[in-house]
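Colleague: For reference, the structure I am asking about is given below.
The values are calculated or read from the model by the stated rules, or taken from the named source; none is laboratory data. Quick caveat, the model's predicted, so the values are computed rather than measured. Note that we place each Cβ from the backbone using ideal geometry, even for glycine, and neighbour counts take in every protein chain shown.
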Amino acid sequence: MDYARYVVQAGDTIYKISRAYSIEMSEIIQLNHLKHPDRIYAGQILLLPVSRTQEPAPGEIPEPNFTYAIWLYEAYAGSDSELTAITTYLYQAVLLDRPEFDSLLRPIAYDEMRHLEKLAQALRYLGVDPRYGSLSSGHWVDWRSRFINYTSELCALLDNNIEDEAKAHRHYLELAQKIPIPEIQKILTEMAADEERHYYLFCQAKQQYCTDCATVPTDDSIQSVQQAPPEGTIG
């Protein structure tokens, strides 16, 4: 017996799913260890038993798109994500309340907002709903405000931002190697370049107000990712 991943849609119930795919309710409940089968929610991933000759279910995300979507969801609206970066930088701009930091943080936050939109388009390209959250062990986790870094001391705040931008730079280049879809690679490599630029902007601020910082860490094997096509079909 094979198994398909099914993404619960708004309005779904175990009864509706069992009727739609001719599967016993008890089998779905047992297979997914559902303690409260009346409380399934949109975005939840369920395993459904399928025969090798059965056509994929309409709500099923085929591989490898399912794995790609999991990776992008985390960058989109996981704990260390574009949505977290946007809200963190806007919080910092308001907290510091000085023109020089406002002009540093707000444009970077707006860049991250564009990244968020591009990742949403990539998720739609993969056939999933670009809702704000991520998948963890097959369960949907909504984005939460506790993901924001509320550090208020200037130099510590800049250190955190520098570390986050370096991590994002590396992560997007890694994803561009792992996801062999040219349109998505183009998005990821452009975003990686933005994150590197943000890194140096925060380094300049740290040099001015605190101490020097190191050059952005790179990996030659990551940097060698193929150039994306000039025009993509996403967005």
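Colleague: Would you confirm whether any residue within segment 21-39 is among the polar types (S, T, N, Q), within 23 Å of the chain's Cα centre (by Cα), under 24 Å from W143 (Cα atoms) and part of a loop (DSSP other than H, G, I, E, B)?
Modeller: Taking every residue of segment 21-39 in turn, none turns out to be among the polar types (S, T, N, Q), within 23 Å of the chain's Cα centre (by Cα), under 24 Å from W143 (Cα atoms) and part of a loop (DSSP other than H, G, I, E, B).
Colleague: Which of the residues belonging to segment 134-148 are surrounded by fewer than 19 Cβ atoms within 10 Å (Cβ to Cβ) and at pLDDT below 95?
Modeller: The answer is S136, S137, G138, H139, W140, V141, D142.
Colleague: Suppose we keep only residues that are small (G, A, S) and either without any contact (Cβ under 8 Å) to a residue 40 or more places away in the chain or under 25 Å from I187 (Cα atoms) (or both) within segment 149-173. Which one would you say is surrounded by the most Cβ atoms within 10 Å (Cβ to Cβ)?
Modeller: Here the answer is A168.
Yes or no, residue by residue, for (1) of a type in the set (G, A, S); (2) modelled with pLDDT of 95 or more; (3) surrounded by fewer than 19 Cβ atoms within 10 Å (Cβ to Cβ):
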| position | (1), (2), (3) |
| --- | --- |
| P182 | no, no, yes |
| Q185 | no, yes, no |
| E190 | no, yes, yes |
| A193 | yes, yes, yes |
| Y200 | no, yes, yes |
| C203 | no, yes, no |
| T211 | no, no, yes |
| P217 | no, no, yes |
| D220 | no, no, yes |
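Colleague: Only residues in segment 22-48 that are over 25 Å from A77 (Cβ atoms) count as the first member; pair them with residues that are aromatic (F, W, Y) and surrounded by fewer than 12 Cβ atoms within 10 Å (Cβ to Cβ), Cβ under 7 angstrom, at least 6 apart or cross-chain, and list the lot.
Modeller: From segment 22-48, the pairs are L48/Y3.
So that you can scan it fast, the table gives a plain yes or no per residue for (1) assigned to a helix (DSSP H, G or I); (2) touching an Asp or Glu at 6+ places or on another chain (Cβ under 7 Å); (3) over 16 Å from E196 (Cα atoms):
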position	(1), (2), (3)
A85	yes, yes, no
L90	yes, no, yes
L95	yes, no, yes
E100	yes, no, yes
R106	yes, no, yes
D111	yes, yes, no
R114	yes, no, no
E117	yes, no, yes
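Colleague: Are any residues in segment 130-146 within 12 Å of the chain's Cα centre (by Cα) and part of a loop (DSSP other than H, G, I, E, B), and if so, which ones?
Modeller: Selection gives P130, R131, Y132, W143.
Colleague: Mind checking whether some residue in segment 77-85 is closer than 21 Å to G43 by Cα, in contact with a strand residue (DSSP E or B) (Cβ under 6 Å, 6 or more places away or on another chain) and assigned by TED's automatic domain parsing to the domain that holds A192?
Modeller: Checked segment 77-85: at least one residue is closer than 21 Å to G43 by Cα, in contact with a strand residue (DSSP E or B) (Cβ under 6 Å, 6 or more places away or on another chain) and assigned by TED's automatic domain parsing to the domain that holds A192.
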